[in-house]
Amino acid sequence: MATTQETPVIPDSASWINGLSSIMRMSDTRLDPSLKTIISSDVKNDRLALFVPPEMSDLQPENLRYLHAMASRNGCMLIEDRRNSDIRPLVEQRDLKPHKLALGIAELLKQTGMPGPTAQLSTPHRLTPGNPHFDVPDLIDMVSTTVSKSKRIVVLPTPALVETTGNETHPISAFACKLVTADANTVLSFFDSPGFKAIGYVANNQFVMHVFIGGGPLRSPLIWANFDAMLKNRFRFQLFRSTQPGQDFGLLYNTFYLDINQAHASGSETTGERASS
């Protein structure tokens with residue numbers, strides 16, 4: 001059984017999210033559809049391979065430049081994927097892992113004190129109309145602003161989370177804080193371990209979780225997850241432009257929408273209840 005432990009916020013976790021927020025403030029975080037894409041991953045010749053959409057050199061040259069830099073720095077292969085994802089064999093689609101990772105995330109939320117039944121992946125898998133939406137850069141900034149006010153618990157990952165994060169068995173630090181402003185009334189969460197980094201928030205009857213895979217400035221892009229966690233998976237990639245040379249900033253992440261207890265959305269301060277202030 002997983003154990004929990006309440007402790008003050010530790011510098012390492014706060015420094016990571018604060019550093020991410022500080023660097024992103026140097027970039028243009030306005031949404032630009034031409035700087036977003038979907039990539040997938042697998043193993044080719046015993047190396048991690050990132051598959052990019054065809055014709056990126058013509059349609060998204062800035063994105064391709066960043067992904068080349070990431071592949072080079074992290075020892076990956078970059079391959080143009082000429083297959084149409086809509087007609088991939090069903091057996092190949094079943095090989096992808098988001099549903100199992102969603103189970104691990106739901107168990108993680110339960111460990112940190114979310115009341116009610118275990119959260120389920122939303123169907124359809126999207127934000128329900130009317131529920132609050134925060135762009136990823138804004139959410140990063142919100143979490144960074146509140147992390148020093150948050151309480152922290154430490155949990156051990158469940159088997160489902162261990163499996164889908166590439167056998168990441170390190171304890172996970174879970175932070176949560178209720179945010180009430182003129183523009184927002186929600187619970188923010190931040191999860192941090194050496195191989196698992198995620199932020200999330202309560203959106204009425206849903207929990208929105210962004211699991212980070214990698215990112216950083218163009219001059220030093222890193223993969224933050226274990227390579228094993230990236231196998232046979234798809235990720236969102238978004239590039240944020242900068243006026244400073246080498247400071248274009250990229251993020252690779254997965255987004256999950258989970259249905260949660262309606263009663264929780266109306267008043268509880270938990271993401272963990274034990275980890276909120």
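Looking across segment 23-58, the residues that are touching a Ser or Thr at 6+ places or on another chain (Cβ under 8 Å) and outside any strand (DSSP E or B) come down to Met26, Ser27, Pro53, Met56. Phe240 meets each of the listed conditions (1) over 24 Å from Arg47 (Cβ atoms); (2) hydrophobic (A, V, I, L, M, F, W, C); (3) assigned to a loop (DSSP other than H, G, I, E, B) apart from (3). Considering segment 146-161, the residues that are touching a residue at least 24 places away in the same chain (Cβ under 8 Å) and out of contact with any strand residue (DSSP E or B) (no Cβ under 8 Å at 6 or more places or on another chain) include one that is nearest to Ser189 (Cα to Cα), namely Ser148.
The residues of segment 220-247 that are in contact with a helix residue (DSSP H, G or I) (Cβ under 6 Å, 6 or more places away or on another chain) and over 19 Å from Met209 (Cα atoms), listed by number, are Pro221, Lys232, Leu239.
So Ser85 fits all but one of (1) modelled with pLDDT of 90 or more; (2) among the hydroxyl-bearing types (Ser, Thr, Tyr); (3) surrounded by fewer than 14 Cβ atoms within 10 Å (Cβ to Cβ); what number is the exception? Tallying (1) modelled with pLDDT of 90 or more; (2) among the hydroxyl-bearing types (Ser, Thr, Tyr); (3) surrounded by fewer than 14 Cβ atoms within 10 Å (Cβ to Cβ), Ser85 fails exactly one: (1).
Of the residues in segment 133-148, at least one is in a loop (DSSP other than H, G, I, E, B), out of contact with any Ser or Thr (no Cβ under 7 Å at 6 or more places or on another chain), surrounded by fewer than 19 Cβ atoms within 10 Å (Cβ to Cβ) and modelled with pLDDT of 90 or more. Cβ-Cβ distances below 6 Å connect the following pairs, each with a first residue in segment 20-46 that is in contact (Cβ under 8 Å) with a residue 12 or more places away in the chain, a second residue that is assigned to a strand (DSSP E or B) and aliphatic (A, V, I, L, M), and a separation of six or more residues or different chains: Leu35/Leu239; Ile39/Leu50; Ile39/Val52; Ser41/Leu50; Asp42/Ala49; Lys44/Met77. Which of the residues spanning segment 159-204 are surrounded by 23 or more Cβ atoms within 10 Å (Cβ to Cβ) and assigned to a helix (DSSP H, G or I)? Leu161, Thr164 - these are the residues of segment 159-204 that are surrounded by 23 or more Cβ atoms within 10 Å (Cβ to Cβ) and assigned to a helix (DSSP H, G or I).
The values are calculated or read from the model by the stated rules, or taken from the named source; none is laboratory data. Note that the structure is predicted; figures quoted are calculated from it, not measured. No Cβ is skipped: glycine too gets one built from the backbone with ideal geometry, and neighbour counts run over all protein chains shown.
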